[in-house]
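Novice: Can you keep this structure in mind? I'll have questions shortly.
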Amino acid sequence: MCGIVGYNGSSNAAEILLEGLSKLEYRGYDSAGLAVRSGTNDVVIVKAKGRLRVLAEKTNDGKALKGTLGIGHTRWATHGEPSENNAHPHVSDDRNVVGVHNGIIENYQELKEKLLRHDYTFYSNTDTEVAIKLIDYYMKKYKEGPIDSIARAMTRIKGSYALAVIFKDYPEEFYVARKDSPMVIGIAEGASFIASDVPAILKHTRNVYYIGNQQIARIGKGTVEFFDIDREPVELQMEEVTWDAEAAEKGGFEHFMIKEIHEQPKAVKDTLNAFIKDGRIDLSEAGLSDEYIASINNVTIVACGSAYHVGLAGQYVIEKLVRIPVRVDLASEFRYRDPILNADDLVIVISQSGETADSLAALRLAKERGVSTLGIVNVVGSSIAREADHVFYTLAGPEIAVATTKAYSAQLAVMYGLAVQFAKVRGQIDEETYAQLIAEMETLPKKMERVLEDKERIQWFAAKYSNAKDMFFIGRGIDYAISMEGSLKMKEISYVHSEAYAAGELKHGTISLVEDGTLVVGVCTQNSLYEKTRSNMAEVKTRGAYLMGLTSYGNYAIEDTADFTVYIPRTSEYFATTLAIIPLQLLGYYLSVARGLNVDKPRNLAKSVTVE
Ligand code: M6R
């Protein structure tokens with residue numbers, strides 16, 4: 001869960017690498033490092049603990065390092081604490097091999113012992129140092145070149161990796177290899193770029209290759225050759241990135257998160273437009289024919305974090321509308337539970353990055369079991385997108401803030417599309433309801449804009465409660481799913497301890513934590529459950545809680561119970577999550593700002609969790 005970059009051309013590499021790393025800092029930011037070389041000169045390595053700016057200061061923004069070929073890394077620690085010693089790049093004992101790595105090498109202890117027996121020494125606690133030295137070991141043992149040595153190491157390494165490696169005796173090129181960690185290779189006139197994610201190279205080129213799993217590439221100046229693990233050459237198709245680099249910049253907002261919160265109406269609109277054509281839902285781009293939809297008997301949704309919360313909201317909508325059983329599982333649990341799956345099941349994997357290790361493993365497990373899979377993915381060409389049988393792209397554009405907002409909303413839009421179309425195809429709703437639901441979905445972007453117009457009130461409320469220590473989010477049904485996402489937003493960026501509770505469950509234990517001034521947010525968007533949740537809100541109020549109510553315009557009686565109320569426009573109960581989540585995202589955001597925290601890069605987190 002790190003970011004890697006590489007450059008081979010005729011400009012000063014370090015400046016380009018630092019600029020690329022700045023676009024990847026969301027992937028990890030506890031230390032960073034660069035390795036550059038000029039012709040046959042020795043490789044120069046500079047590392048720094050802390051944010052990328054420390055490395056930039058140390059190298060005068062890269063100007064102090066001379067060389068036209070280089071690799072760089074920004075780290076999110078897995079093996080070994082954040083320190084300069086553990087920062088990448090790592091080198092073999094005689095500096096023959098220098099490399100950076102994103103991923104996790106599961107059998108690194110066993111490999112390390114092997115290398116220790118062959119007199120290698122280790123200066124760091126990282127699995128990466130082991131991988132670099134293993135490549136060096138094979139190079140010396142078999143007296144072969146880089147492709148052979150990397151391929152031999154790959155057959156021994158268990159786990160995930162995107163590796164970029166410089167070899168002392170090959171000054172004109174560097175090498176990359178990947179398995180289960182993302183890597184894109186960009187080609188321009190006389191220069192090549194590699195990165196863990198497209199925004200890091202978009203300034204230089206739109207022509208990219210997505211290197212396949214267990215493939216190796218030789219990166220020249222504006223050239224690239226691919227090989228499989230058997231060292232046979234392979235041909236890959238160059239692709240053109242069509243989205244705008246501007247989309248990955250802050251565009252006048254103070255943080256990426258608030259920019260992305262404001263981009264939600266567009267993300268939802270673009271995503272809906274991709275499958276609503278002439279007032280009807282068309283899922284053919286994802287390869288979901290009516291015959292296939294009619295044959296599905298169970299749906300299992302697997303995901304992590306916020307994507308899991310989309311699954312929970314989706315479960316309510318699909319079960320209510322389609323009347324087929326839906327199970328929602330955390331990917332990290334699903335993959336080890338030996339899940340019961342049948343041939344007529346559909347496994348839906350939801351992921352913004354398309355690279356989350358647990359979600360990818362869950363997808364592979366479902367495929368091994370012969371079950372049909374659908375990926376709902378934001379990053380084009382990511383592993384989940386490539387490996388799922390059917391793919392639905394959310395059109396949220398690049399999401400940079402660690403806390404997801406617009407990808408979450410776009411994923412929800414896809415869930416609505418699936419639910420409504422499944423219900424129609426399977427005869428659960430008539431033509432009139434079908435048309436009404438689609439028309440209502442299309443009103444969501446405008447209604448989202450209305451919710452955003454009310455943001456100052458939330459800002460005021462957040463400033464008032466910026467010292468909150470504990471917070472509870474309660475709701476029933478879909479409102480419980482909304483509460484879970486609201487609570488996650490709060491804790492991940494504001495570091496306020498918060499919990500989401502099914503409102504009716506509170507009195508079975510958790511209510512004992514409520515005392516004078518405890519902040520409780522009651523979510524009440526579902527008409528049939530409104531009064532029930534309101535009475536649960538009254539229960540906590542009697543015990544001293546300060547209550548924020550979140551409901552639809554018209555439900556003004558909530559003000560008898562809540563101390564502060566936020567209203568959202570009326571919509572179908574199935575789609576309320578899309579509107580209700582915005583005030584909760586804003587609450588987390590403004591509380592984080594009021595507390596002076598790093599909103600876009602909260603501590604201990606990374607955007608893309610490519611390790612278990
Ligand atoms: O890329 P993915 O959607 O697979 O990521 C899943 C989670 O890691 C992600 O949603 C995480 O919970 C976010 N930080 C929440 O804001």
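Novice: In whole percent, and with a 1.4 Å probe on the protein chains, what portion of the accessible area of the chain is carbon and sulfur?
Specialist: Reported share for carbon and sulfur atoms: 47 percent.
Novice: Using the alpha-carbon atoms, what tilt in degrees (0 to 90, nearest 10) does helix 146-156 show relative to the longest principal axis of the chain?
Specialist: Approximately 50 degrees, to the nearest ten.
Novice: I want to check the label-to-label distance for residue 449 and residue 297. Put each point 7 Å from Cα in the C-beta direction and report it in nm to one decimal.
Specialist: 4.7
Novice: Separate question: Identify the residues of the range 84-105 with backbone N under 20 Å of a label point that sits 7 angstrom from the Cα of residue 57 along the Cα-to-Cβ direction, or state none.
Specialist: Hits in the range 84-105 for residue 57 at 20 Å: 84-88.
Novice: Another question about this same structure. Could you compute the FRET efficiency for residue 140 and residue 333, with r as their C-beta to C-beta distance and R0 at 51 Å, rounded to 0.05?
Specialist: 0.70
Novice: Accessible surface of residue 319 in the full protein assembly, 1.4 angstrom probe, to the nearest 10 Å²?
Specialist: The value for residue 319 is about 60 Å².
Novice: How far apart, in nm, are two points set 7 Å out from the Cα along the Cα-to-Cβ line at residue 528 and at residue 109?
Specialist: Taking the simple label geometry, residue 528 and residue 109 are separated by 5.2 nm.
Novice: Let me know the shape class of the range 250-448, please: from the alpha-carbon gyration tensor, a ≥ b ≥ c as square roots of the eigenvalues, rounded when a/c is under 1.5, otherwise prolate if a/b is greater than b/c, or oblate.
Specialist: It comes out oblate by the Cα gyration axes.
Novice: What's the FRET efficiency of residue 95 with residue 278 using the Cβ-Cβ distance as r and R₀ = 56 Å, to the nearest 0.05?
Specialist: 0.30
Novice: About its Cα centre, how strong a charge dipole does the chain have in debye, to the nearest 20, once Lys and Arg get +1 and Asp and Glu get -1 at the Cβ?
Specialist: 1160
Novice: Going from most exposed to least, what order do 382, 512 have by accessible area with a 1.4 Å probe?
Specialist: Heavy-atom accessible area, descending, gives 512, 382.
Novice: Under 11 Å from the Cβ of residue 561, count the other residues' Cβ atoms, weight Lys and Arg +1, Asp and Glu -1, and hand me the total.
Specialist: Net of charged neighbours comes to -3.
Novice: Using +1 at the Cβ of each Lys and Arg and -1 at the Cβ of each Asp and Glu in the chain, identify which of 16, 522, 36 lies farthest towards the dipole's positive end.
Specialist: Most positive-ward Cα: 36.
Novice: Rounded to the nearest 10 Å², what accessible area does residue 360 show when all protein chains are kept and the probe is 1.4 Å?
Specialist: 10
Novice: Heavy-atom accessible area per residue, the range 455-594, 1.4 Å probe: how many Å²?
Specialist: Ligands and nucleic acids excluded, the figure is 35 Å² per residue.
Novice: Sort out for me the Cα centre separation of the range 332-405 from the range 56-98, rounded to whole Å.
Specialist: 33
Novice: In addition: Just to confirm the number: angle between the C-alpha axis of helix 305-322 and the first principal axis of the chain, 0 to 90 degrees, nearest 10?
Specialist: That works out to roughly 40 degrees.
Novice: Take the Cβ-Cβ distance between residue 155 and residue 469 as r, set R0 to 41 Å, and report the resulting FRET efficiency rounded to the nearest 0.05.
Specialist: E(calc), rounded to 0.05, equals 0.20.
Novice: Note down the magnitude of the dipole of the range 250-448 about its Cα centre, charges +1 on Lys and Arg C-beta and -1 on Asp and Glu C-beta and zero elsewhere, to the nearest 20 debye.
Specialist: The calculated dipole for the range 250-448 is roughly 340 debye.
Novice: Taking only protein heavy atoms into account and a 1.4 Å probe, give the accessible area per residue of the range 146-293 in Å².
Specialist: Using a 1.4 Å probe on heavy atoms only, each residue of the range 146-293 averages 42 Å².
Novice: Between the range 159-236 and the range 439-504, what is the C-alpha centre distance in whole Å?
Specialist: 42
Novice: In addition: Modelling each spin label as a point 7 Å along the Cα-to-Cβ direction, I'd like the residue 542/residue 116 distance in nm, to one decimal.
Specialist: 6.3
Novice: Then there is this: Which of the three applies to the range 426-528, rounded, prolate or oblate, going by the alpha-carbon gyration tensor with a ≥ b ≥ c and a/c under 1.5 meaning rounded?
Specialist: The shape class here is oblate.
Novice: Would you check the accessible area of residue 448, probe 1.4 Å, heavy atoms only, in square angstrom rounded to 10?
Specialist: Taking all protein chains as shown, residue 448 has close to 0 Å².
Novice: Would you work out which of 139, 116, 149 lies farthest towards the positive end of the dipole of the range 3-241, given +1 charges on the beta-carbon of Lys and Arg and -1 on that of Asp and Glu, about the Cα centre?
Specialist: 116
Novice: Using a 1.4 angstrom probe with every protein chain in place, what is the largest-first accessible-area order of 524, 304?
Specialist: 304, 524
Novice: Which order do you get for 406, 424 if you rank them by accessible area with a 1.4 Å probe, largest at the top?
Specialist: 424, 406
Novice: Give the percent of DSSP beta bridges with both residues in the chain that are antiparallel, rounded to the nearest 5.
Specialist: 60
Novice: Further question on the same structure: Roughly how big is the range 508-608's charge dipole about its Cα centre, with Cβ charges of +1 (Lys, Arg) and -1 (Asp, Glu), in debye to the nearest 20?
Specialist: 440
Novice: With each run of n ≥ 4 DSSP H residues scored as -39500 (n - 2.57), what mean residue ellipticity at 222 nm is computed for the chain after dividing by its residue count and rounding to the nearest 500 deg cm²/dmol?
Specialist: Mean residue ellipticity, 222 nm, calculated: -11500 deg cm²/dmol.
Novice: Determine one quarter of the surface area of the Cα convex hull of the range 221-339, which equals its mean projected area, and express it in nm² to one decimal.
Specialist: Spelled out: convex hull of the Cα atoms, projected over all directions, averaged, 13.7 nm².
Novice: Please label the shape of the range 288-393 as rounded, prolate or oblate, based on the square roots a ≥ b ≥ c of the eigenvalues of the alpha-carbon gyration tensor (a/c under 1.5 means rounded; beyond that, a/b larger than b/c means prolate, else oblate).
Specialist: Rounded is the answer for the range 288-393, as its axis ratio a/c remains below 1.5.
Novice: Here is a follow-up. Calculate how steeply helix 13-22 sits against the longest principal axis of the alpha-carbon atoms of the chain, using the helix alpha-carbon long axis, and give the answer as 0 to 90 degrees to the nearest 10.
Specialist: On a 0 to 90 degree scale, this one is about 20.
Novice: Going toward the positive end of the dipole of the chain, with +1 on Lys and Arg Cβ and -1 on Asp and Glu Cβ, which of 91, 443, 577 do you reach last?
Specialist: 91
The values are calculated or read from the model by the stated rules, or taken from the named source; none is laboratory data. As the structure is a computational prediction, the values presented were derived from the model and not from experiment. Cβ: placed from backbone, ideal geometry, glycine included. Neighbour counts: every protein chain shown. The accessibility values were calculated without ligands, DNA or RNA, using every heavy atom of the protein model including side chains. Shrake-Rupley method; radii C 1.70, N 1.55, O 1.52, S 1.80 Å.
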